[in-house]
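J.: Submitted below is the structure of interest, expressed as structure tokens.
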Amino acid sequence: MAVCFLLTPLEICYTVRYKINKGQNKMSGDVRKTNTFKEAVLNPDVFCVTWEQTPGKGALEAQQNEALENARKAAGSNKIHAISVTDNPSGIPSMSSEMLCAEIKRLGVEPLAHFALRDKNRNECESLLYGLAAASVSNLLVLTGDYPSNTGFKGTARPVFDLDSVNGLQLVETMNGGMEYETAGKKSVLKPTDFFAGAAISPFKQTEPELMGQYYKLKKKIEAGAKFIITQVGYDARKLHELIQWLKLNGYKTPALANIYLLPYGAARVMNANRVPGCVVTDKLLAKLDEERTVPDKGKQARLDRAARMYAIARGLGYKGVHVGGNSTTYEMIEYIIGKGEELSPKWQELTAEFDFPQKNGFYLYQKDEKTGLNSEKLAARNAKASNPPIYNFSRLAHATLFNPNSIVFKALKPLAKRIDAGPKMKSVFGTIEHFKKVVLFDCQNCGDCALFDVAFLCPMSQCPKNQRNGPCGGSYEGWCEVYPNKKCVWVEAYRRLKKYKKEDSIGEYIVPPCDWELNHTSSWLNFYLGRDHTSKRLGIKPPEKKAGRELPKTN
Ligand code: SF4
């Protein structure tokens, strides 16, 4: 890393360009070209272990050096298949995962870069991915990311969330296929990258709408290209089993890694108070940790043994590996967990009862198997109450008539839409009236690429602080929003509305593209009628034919 500070930015660019043009990407020096993490995940005989590092704030602090030191130790062993580096966890600005991963790669162990979409728009994502590819950092965990905290420079940062994790995976998949682009009418295709990208899921959700939302979104993440899955932090064996069951019963072969967080009492209390988005520690587990910390080692051995037992259970349940983390976790602790975990694996079923930490009124996707305490293959009844606010019925009616390309109303109005669109004055007046109406009805943000269709007529731009268009983030708690804890998660409300008409599974049906900012502050109704927005394209609405010789007016 020191070398970078010596070369001026221009010299770096020249060096890289020179090397790349020679077709031999030397930016990554003589780093190993094989991806041992990918090999381990795809090798049926290997139980994969990743070790999570949280670099923290700063560039030259002890925490960054500790992460590098841990990577060096891991590089020397063949027990750890990747060092994973978090990306501003809890929304706290920290050393960039990308930079640290490039350095870790040079140390001779595979990095797994957490790639959160909270702070970067799609262009920055693409740029960073080019950099990672050139540095041979191939393993990615594509995440939505925790909301920005108020620890940024002069206050809370502006949340970006231009892409969600499903769109992020699509971007990576497109780059792996060779990104096509056009400049000055000339089409070009970039050399394919070789990313191995995964996604996260939180099966430890308490309510039916939240949990179903996680699985609908996971379905889309797998369709978008996720090659592996890592669970969020939780200690309920039945929930860990549920994910494996869901993958099996839905015919997915995507390997999954179980998250094992070495949990001291302090961190457990913070998670129990729902102050770490998506991490679940029940009162029962907290009480157990409180008891364990009364012994001289303050519960250190107990949490190591708990981690080893989770390792054995994950191995027994059919996970492809484990993702181990926790503050101040040392290499020796990881070695112990692996060793003890392997020793306990043959009797993993006897250990599951120790991980019986259900949430109060917690919903499970499958009925309980009373014999094993885990899940049967029978789906559990889904009794969550549906909701049916009048605005929802009105919206359904309006969309079935005005926004249904097969309806006579639509066909009758389309020529009028074309005429309004052709007249700048009329168009602007129309847009203002439309926006006023939609602000009153949906708190519309005038993005022009309306997603009301996709979220049961709830606006993800105003109702979801992370603008999630493809399903919930992982941060909701007992149905409440991660960011606005006194407000229900928009996807919980969407699920309940759709459930009224037995349409809740439609959340998982298709992938919603990211908002097209070209349409920002334009009439979404005209964009729909004239085939310019994502929904009209999905429904096959064609833009009006261009009259020969006359250019159609620009959208704004
Ligand atoms: S509304 Fe739901 S998806 Fe959006 S940020 Fe809140 S918890 Fe996440």
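J.: Take the residues of region 455-486 that are outside any loop (DSSP other than H, G, I, E, B) and of a type in the set (A, V, I, L, M): which is farthest from Asn520 (Cα to Cα)?
T.: Per the stated criteria, the residue is Val455.
J.: Separate question: Looking only at region 105-115, count how many residues are open to solvent by less than 10 Å² (accessible area, probe 1.4 Å) and assigned to a loop (DSSP other than H, G, I, E, B).
T.: Within region 105-115, residues that are open to solvent by less than 10 Å² (accessible area, probe 1.4 Å) and assigned to a loop (DSSP other than H, G, I, E, B) number 2.
J.: Run Ala398 past the list (1) at pLDDT below 95; (2) of a type in the set (A, V, I, L, M); (3) under 30 Å from Phe37 (Cβ atoms) and report the number of the one that doesn't hold.
T.: Exception for Ala398: condition (3).
J.: Follow-up question, since we're still on this one. Restricting the search to region 487-502, which residues are assigned to a helix (DSSP H, G or I) and within 8 Å of the ligand (Cβ to nearest atom)?
T.: Hits for region 487-502 are Val490, Trp491, Val492.
J.: When the residues of region 505-526 are filtered to those that are among the polar types (S, T, N, Q) and either over 21 Å from Gln468 (Cβ atoms) or without any contact (Cβ under 8 Å) to a residue 24 or more places away in the chain (or both), which remaining residue is most open to solvent (accessible area, probe 1.4 Å)?
T.: Ser506
J.: All but one of (1) open to solvent by 20 Å² or more (accessible area, probe 1.4 Å); (2) touching a helix residue (DSSP H, G or I) at 6+ places or on another chain (Cβ under 8 Å); (3) not in a helix (DSSP H, G or I) hold for Arg118, so report the exception by its number.
T.: Failed condition: (1).
J.: Would you mind finding the one in Glu39, Glu69 that is in the same structural domain as Thr144 (by TED's automatic domain parsing), more than 27 Å from the chain's Cα centre (by Cα) and more than 22 Å from Asp146 (Cβ to Cβ)?
T.: Glu69
J.: Here is a check on your reading of the model: is Arg306 open to solvent by less than 20 Å² (accessible area, probe 1.4 Å) and more than 18 Å from Ser202 (Cα to Cα)?
T.: yes
J.: Now for a separate question. Go through region 366-382 residue by residue and tally those that are loosely packed, with under 14 Cβ neighbours inside 10 Å and either more than 29 Å from Cys489 (Cβ to Cβ) or modelled with pLDDT under 95 (or both).
T.: The total comes to 2.
Residue-wise test of (1) more than 16 Å from the ligand (Cβ to nearest atom); (2) free of Cβ contacts under 8 Å to residues at least 60 places away in the same chain; (3) crowded, with 22+ Cβ neighbours inside 10 Å.
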site: Asn446; (1), (2), (3): yes, no, no
site: Leu452; (1), (2), (3): no, yes, no
site: Pro460; (1), (2), (3): no, yes, yes
site: Pro485; (1), (2), (3): no, no, no
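J.: With respect to Glu478, determine if the residue is more than 9 Å from the ligand (Cβ to nearest atom), at pLDDT 95 or above and farther than 21 Å from Gly531 by Cα.
T.: Here the answer is yes, as Glu478 does meet what is asked.
J.: It is to be established whether one or more residues within region 160-180 are loosely packed, with under 12 Cβ neighbours inside 10 Å, farther than 30 Å from His323 by Cα and touching a Ser or Thr at 6+ places or on another chain (Cβ under 8 Å).
T.: Scanning region 160-180 turns up at least one residue that is loosely packed, with under 12 Cβ neighbours inside 10 Å, farther than 30 Å from His323 by Cα and touching a Ser or Thr at 6+ places or on another chain (Cβ under 8 Å).
J.: Do the conditions hold for Arg469, that is, is it among the basic types (Lys, Arg), more than 8 Å from the ligand (Cβ to nearest atom), open to solvent by less than 40 Å² (accessible area, probe 1.4 Å) and over 25 Å from Pro89 (Cβ atoms)?
T.: In short, no.
J.: Please find, within region 160-181, the residue that is farthest from the chain's Cα centre (by Cα) out of those that are within 23 Å of Leu218 (Cα to Cα) and in a loop (DSSP other than H, G, I, E, B).
T.: Ranking the qualifying residues of region 160-181, first place goes to Gly177.
J.: State which residue pairs qualify: first residue more than 19 Å from Gly318 (Cβ to Cβ) and inside region 342-359, second residue surrounded by fewer than 18 Cβ atoms within 10 Å (Cβ to Cβ) and at pLDDT 95 or above in any location, beta carbons under 6 Å apart, and separation of 6 or more residues or different chains.
T.: Going by the 6 Å Cβ cut-off, the qualifying pairs are Phe357/Lys284.
J.: Looking at Gly145, Gly131, can you tell me which residue is open to solvent by less than 40 Å² (accessible area, probe 1.4 Å), not in a helix (DSSP H, G or I) and not aromatic (Phe, Trp, Tyr)?
T.: Sole residue among the options that is open to solvent by less than 40 Å² (accessible area, probe 1.4 Å), not in a helix (DSSP H, G or I) and not aromatic (Phe, Trp, Tyr): Gly145.
J.: Further question on the same structure: Within region 259-290, which residues are in contact (Cβ under 8 Å) with a residue 24 or more places away in the chain, more than 23 Å from Leu243 (Cα to Cα) and under 25 Å from the mean Cα position of the chain (by Cα)?
T.: Result: Ala267, single match.
The values are calculated or read from the model by the stated rules, or taken from the named source; none is laboratory data. Remember, it's a predicted structure, so these values are computed and weren't measured experimentally. A quick note on method: Cβ atoms are made from the backbone with ideal geometry, for glycine too, and the neighbour counts reach across all protein chains shown. In case anyone asks, the SASA skips ligands and DNA or RNA and just uses the protein heavy atoms, side chains included. Shrake-Rupley method; radii C 1.70, N 1.55, O 1.52, S 1.80 Å.
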